[in-house]
Amino acid sequence: MKNIHDEIREQRAQWRRERESRQRAKRWLALFVLVWVAAGLGFMLVLTGCDPATTNVGEDAVEPGATPDLEILSFDWGETSFGSRAIVGTIKNNTDREWAYASVQFELLDEDRNTVGSALDNVSHLGAGGTWKFSALVLEDSAAIARVADITAW
């Protein structure tokens, strides 16, 4: 006959297995999305003949005192529409050009400032002078700090 302590241990073990299963599912989903995005980007590059290295519009591509083509107006921790943890914010297109594709990538760090992962979001057709409300999914539970790693567009 089981006592209450054995039942509690079994319930905790079941909860742990369920949590680990959800975490594995999130990782597989992130891998699937990453592969899908990479394949789409490769296809777009082949079709357009663009070299992303020449179209970086992040901070490194801007002379001091100049306004970047794409500017992050704000970002903070938030949630996706499905309740998952994310980095949410707004990017402004400071040009008269419509970008066929734009992406923002963040480096994720833990409390000790060790890199624990990355988060990214992308959009198609960012209009001239338009703004984009992005939401970059964060799968790493230990992420405590996010910093902009790259902004790319073509």
With a cut-off of 8 Å between alpha carbons and a minimum separation of six or more residues, what is the relative contact order of the stretch 52-153 in percent? 32
Descending principal axes extents, the stretch 52-153, alpha-carbon based, whole Å: 39, 31, 22
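Coordinate-derived values only; no laboratory data. Not measured: the values here are computed from a predicted model.
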